[in-house]
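The values are calculated or read from the model by the stated rules, or taken from the named source; none is laboratory data. As the structure is a prediction and not an experimental result, all values here were calculated from the model. Note that we place each Cβ from the backbone using ideal geometry, even for glycine, and neighbour counts take in every protein chain shown.
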Amino acid sequence: MSKITQRPYPADTATRLAASGIRPLLARIYAARGIENPEQLDTDIKRLLPFTLLKNAGQMACLLADAIADNKKILIVADYDADGATACAVAMRGLSALGAQVDFIVPNRFEYGYGLTPEIVHLAAKSAPDIILTVDNGIASVEGVAEAKRLGIQVLVTDHHLPGDELPEAECIVNPNQPGCTFPSKNLAGVGVMFYVLMALRAEMRSRGAFAEKPTLSPSPSPASGRGEPNLGNLLDLVALGTVADVVKLDDNNRILVQQGLQRIRAGRCCAGIQALLRVARKQVAQASAYEMGFIVGPRLNAAGRLEDMGFGIQCLLTDDATEADKIAAKLDGLNHERRSIEADMQDSALAALNVFDPADSFSLALFNEDWHQGVIGILASRLKDKFHRPVIAFARSQTGELKGSGRSIPGLHLRDALDLVSKRQPHLILKFGGHAMAAGLSIHEESLNDFRLAFEAVAQELLDAEALVKTITTDGALDTQDFTLDIARELQRQVWGQGFPEPLFEGEFKVESQRVLKEKHLKLKLTSPAGNFEAIRFFHADPAPATIHAVYSLSINEYNGSESLQFIVRHW
């Protein structure tokens, strides 16, 4: 069951925002999302938080500048998701533009697991780097960093994940979530952290007189001396993609990064890989939004890391050759179709195993099937979490015989902290774990599965109450008659919505005048209310609607034969 509630907002703040010239509806929407003054909506690049506030960014900039001056070999060790891939591409492009001798590896998730493990260090050592630079990983890699130091390799860590009880003894760590870091935005994605390090590095090299007077137009490999100062703003397309795809909170600072990146993408000033990934999905570059980054480009990029090797996903983001980008994008698109097929089979088997499941019986789900694909269990956990509104961990057998788990949670249960509690109470159960509030990963022995289920369920029952297990659909209330306009829809589309800054949803009573099924899976509706007649669609839902519905919907613009009309996207009734 679900319940519909209206998102509260401070009326005085909404009034103040409206007095500044913002439409009353938008003022109410923004006030409900923590906006207190119009300046917070300004996404000018000059409003980015300064890199000087990010702990150790200056120190890492000095180390990297010294490495560039000494022509040392830097090897990037990347994570295998979209955030890790974009962070790697940003590091490769940015460091190359600043004169570094740089290369990358991205470990196969099935052979090496997550993070800078000792095994990955040995793999990296084959190319004899002077420095290992981690992107989107490393904060939990205590053993791997120690092994690198033993081999005489300096380690620089850039990450955004929550640290454990012990930090690795790296030469330098930049992570807004590490102890002692007062950076106001704790929500930077891994790609955002790397972008900030590059800004600090450029400033350090500028102070050393490393640049010619005129900036270069784009980050690209340059000679070690006499080069122009690179325009790091041209990396913001990648920063926007990784930030949205990693589903980090879109606070004020992240919205600036994303909006600036989207503006460059829409203007056609993005890397060949992003353009190719949009083309292969038959999406218009000029109309790219956060939705396309999160649900179109991101999944295709992630498919490489889930099923094969993220290395060629990164190559898609590094190439400046449109033909090569199209070839890689086509392969990524094919992998994404394969991933969706695997996911559908896994979901069918999971639901079959749960067809006698009564949600009232438990506060959590921990599932394993020997046929499940290790690269897709995270998506499966997310789907089951959405269906049952319970924290879910899905396990698959790894190549080493251990069970690899991927979990997704609901509001009220911080998943990484819950796993930490399980681990402290029964240290033998979890071999390793890490993650965030809403998503985490872990490894266990197969024979520990039932014990883990019981321990995780006990923690879930402690941290959650019955109210938290009822799925809540939060809306921004009903629209007034004057707000059913294309102008309102356009204004809403111009804003960046996402995690922590949710897209507005509205609710209202409507009569269903007609309905028909499109492509055997979508329901096309004509709705009426005292406010007028409206076209509506509910995607991936073919069941017929009753004669009258209380609908939760968002506003969209339907484009057909060169004309535009207002359309509802029904999310729930």
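Details
- Within region 59-74, being in a strand (DSSP E or B) and surrounded by fewer than 22 Cβ atoms within 10 Å (Cβ to Cβ) holds for one residue alone: Lys73.
- Scanning region 33-51 for residues that are among the polar types (S, T, N, Q) and either within 24 Å of the chain's Cα centre (by Cα) or surrounded by 13 or more Cβ atoms within 10 Å (Cβ to Cβ) (or both) turns up Gln40, Thr43.
- Taken over region 431-446, the criterion of being assigned to a strand (DSSP E or B) and of a type outside the set (S, T, N, Q) is satisfied by Leu431, Lys432, Phe433, Gly434, Gly435, Ala439, Ala440, Gly441, Leu442, Ile444.
- Filter result for the condition that a residue is over 30 Å from Ser185 (Cα atoms) and either aromatic (Phe, Trp, Tyr) or without any contact (Cβ under 8 Å) to a residue 60 or more places away in the chain (or both), over Leu335, Leu277: Leu335
- As a summary of the residue check, Lys46 satisfies the conditions (1) closer than 28 Å to Cys316 by Cβ; (2) basic (Lys, Arg); (3) without any contact (Cβ under 8 Å) to a residue 24 or more places away in the chain except for the one numbered (1).
- In the set Asp237, Asp252, only one residue is at pLDDT 85 or above, in contact with a Cys (Cβ under 7 Å, 6 or more places away or on another chain) and not polar (S, T, N, Q); that residue is Asp237.
- Count of region 503-519 residues which are closer than 17 Å to Thr481 by Cβ and surrounded by fewer than 19 Cβ atoms within 10 Å (Cβ to Cβ): 2
- Residue match in region 266-286 (condition: closer than 24 Å to Pro176 by Cα, small (Gly, Ala, Ser) and assigned by TED's automatic domain parsing to the domain that holds Asn108): no
- Listed by position, the helices (runs of 4 or more DSSP H) contained in region 96-163 that have at least 1 residues being at pLDDT 95 or above are 118-125, 142-150.
- Pairs with Cβ under 7 Å, 6+ apart, first in region 401-413 and at positive phi, second in a loop (DSSP other than H, G, I, E, B): Gly412/Leu464
- Yes/no for Ser349 being of a type in the set (S, T, N, Q), closer than 30 Å to Asp465 by Cα and either outside any helix (DSSP H, G or I) or not assigned by TED's automatic domain parsing to the domain that holds Leu454 (or both): yes
- Considering region 492-550, there are no qualifying strands (runs of 3 or more DSSP E) wholly inside with 3 or more residues that are under 26 Å from Arg383 (Cβ atoms), within 27 Å of the chain's Cα centre (by Cα) and modelled with pLDDT of 95 or more.
- Residue satisfying all of: in region 409-458; among the β-branched types (Val, Ile, Thr) and out of contact with any Ser or Thr (no Cβ under 8 Å at 6 or more places or on another chain); farthest from Lys186 (Cα to Cα) among these: Ile444
Conditions tested, residue by residue: (1) modelled with pLDDT of 95 or more; (2) small (Gly, Ala, Ser); (3) not in a loop (DSSP other than H, G, I, E, B).
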{"site": "Gln275", "(1), (2), (3)": "yes, no, yes"}
{"site": "Arg279", "(1), (2), (3)": "yes, no, yes"}
{"site": "Tyr291", "(1), (2), (3)": "no, no, yes"}
{"site": "Asp309", "(1), (2), (3)": "no, no, no"}
{"site": "Phe312", "(1), (2), (3)": "no, no, yes"}
{"site": "Ile328", "(1), (2), (3)": "yes, no, yes"}
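- Test result for Val297, assigned to a loop (DSSP other than H, G, I, E, B) and either in the same structural domain as Glu462 (by TED's automatic domain parsing) or hydrophobic (A, V, I, L, M, F, W, C) (or both): no
- Residue satisfying all of: in region 543-567; in contact with a Lys or Arg (Cβ under 9 Å, 6 or more places away or on another chain) and hydrophobic (A, V, I, L, M, F, W, C); surrounded by the fewest Cβ atoms within 10 Å (Cβ to Cβ) among these: Ala547
- Residues of region 376-389 classified as crowded, with 23+ Cβ neighbours inside 10 Å and not in a helix (DSSP H, G or I), total: 1
- The combined condition, being in contact with a helix residue (DSSP H, G or I) (Cβ under 7 Å, 6 or more places away or on another chain) and either over 26 Å from Cys271 (Cβ atoms) or buried (at least 22 other Cβ atoms within 10 Å of the Cβ) (or both), is not fulfilled by Leu95.
- Residue in region 365-379 that is among the charged types (D, E, K, R) and within 26 Å of the chain's Cα centre (by Cα) present: no
- A count restricted to region 1-18 and to residues that are in a helix (DSSP H, G or I) and of a type outside the set (Asp, Glu) stands at 7.
- One residue from Ala212, Ala224 being more than 16 Å from Ser96 (Cβ to Cβ), at pLDDT below 85, surrounded by fewer than 18 Cβ atoms within 10 Å (Cβ to Cβ) and in contact with a Gly (Cβ under 7 Å, 6 or more places away or on another chain): Ala212
- Matching residues in region 134-172 - criterion: being β-branched (Val, Ile, Thr) and surrounded by 24 or more Cβ atoms within 10 Å (Cβ to Cβ): Thr134, Val135, Ile139, Val145, Val155, Val157, Thr158
- Within region 35-58, the set of residues being assigned to a loop (DSSP other than H, G, I, E, B) and more than 14 Å from Cys172 (Cα to Cα) comprises Ile35, Glu36, Asn37, Asp42, Thr43, Asp44, Leu48, Leu49, Pro50.
- Residue within region 339-352 that is in contact (Cβ under 8 Å) with a residue 60 or more places away in the chain, crowded, with 21+ Cβ neighbours inside 10 Å and not basic (Lys, Arg) present: no
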